[in-house]
1. Output ³J(HN,Hα) for the range 219-224: one whole-Hz value per residue in order, computed from phi by the Karplus curve 6.51 cos²θ - 1.76 cosθ + 1.60 with θ = phi - 60°, and x for Gly and Pro.
2. Need the full-extension length gain, Met218 to Ala68, defined as separation in residues times 0.36 nm minus the C-alpha distance. One decimal, nm.
3. What list of ³J(HN,Hα) values in whole Hz, one per residue of the range 66-77 in order, does the Karplus curve 6.51 cos²θ - 1.76 cosθ + 1.60 (θ = phi - 60°) give from phi, with Gly and Pro shown as x?
4. Would you mind telling me the share, in percent, of accessible area of the range 151-242 contributed by carbon and sulfur at probe 1.4 angstrom?
5. Which whole-Hz ³J(HN,Hα) couplings does the range 93-104 yield from phi under the Karplus relation 6.51 cos²θ - 1.76 cosθ + 1.60, θ = phi - 60°, glycine and proline marked x?
Amino acid sequence: MKDKKIRKNLRQFLQQEIQPERLEETIKLCTEIVREQNALAVEPRTGFFKYLSEVFRFHGIPLFGLQAVTLLIVGLTVSTVADVPKYIPVFMPLFALAVMPVIFKSQFYGMSEIEAATRASGSQIILAKLILAGAANLVCMTALLCLEVYLQNSGKEIGQMILYCLVPYLVCMAAMLRLARLRKKESIPVYGVATLGSCLCWGVSARVLPWLYEASAMGLWLTAFLVFTVFFIKEVCFIIKMRKEGKIYGIIA
């Protein structure tokens with residue numbers, strides 16, 4: 001019944017005589033649309049650093065605010081812990097955890113599809129967030145190391161302490177990027193629990209495996225640092241590649 005009605009309406013429409021004034025109006029409108037599209041085609045693209053400043057304007061305060069709160073809590077805790085250096089890895093996953101609300105914001109609010117449809121694409125957005133997160137983490141780690149050097153009243157173990165900071169952090173950030181690429185909202189609580197669990201694991205290793213924090217074990221820390229640095233850099237390079245190709249980072253969920 002519907003098909004007959006459609007055919008009837010279409011037949012009536014085709015039998016109508018074309019009005020010259022309406023035809024001219026349609027041509028004029030099409031010409032204006034084409035001109036507008038040509039004007040947009042030559043519009044200069046926003047540079048990445050300008051785009052980075054825009055992302056900072058929207059995400060900078062919550063990102064750096066969470067990092068500052070985490071640094072305050074960790075700093076107060078470290079100041080009361082004896083034998084500080086070997087307990088440094090316990091606190092490093094917390095800084096990666098503080099980045100999670102910003103990195104996974106689009107997945108949490110179901111905005112991944114909208115981000116993917118923007119001019120910047122999802123890969124450029126997450127790359128900008130990652131740069132801001134890295135800057136915030138670097139500031140916090142530097143402040144924490146300065147505090148520990150002050151508490152120890154010596155900088156002779158500074159090389160070990162840097163590795164104690166970087167290895168747990170890189171492990172957590174590599175896992176975070178992996179989950180961000182999967183774009184699965186249900187992975188967010190899994191990452192949160194796993195990160196807190198890693199804090200517990202590092203705490204247990206500090207008590208059960210004291211030899212792991214001696215100078216003779218530096219080779220193991222260096223190896224772990226190199227391995228997870230490769231994983232992290234490889235993931236960042238993949239993000240950059242997706243950005244250059246204008247593709248999204250992961251799947252939409």
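1. Here the 3J(HN,Hα) series is x, 5, 5, 5, 4, 4 Hz.
2. 51.0 nm
3. So the Karplus estimates, Gly and Pro as x, are 5, 5, 5, 5, 4, 4, 4, 5, 5, x, 5, 5 Hz.
4. Solvent-exposed carbon and sulfur of the range 151-242 make up 73 percent of the total.
5. Going residue by residue, I get x, 5, 5, 5, 5, 5, 7, 4, x, 7, 5, 9 Hz, with x marking Gly and Pro.
The values are calculated or read from the model by the stated rules, or taken from the named source; none is laboratory data. Quick caveat: nothing in here was measured; it's all calculated off a predicted structure. Remember, those area values only see protein heavy atoms, side chains included, never the ligands or the DNA or RNA. Shrake-Rupley method; radii C 1.70, N 1.55, O 1.52, S 1.80 Å.
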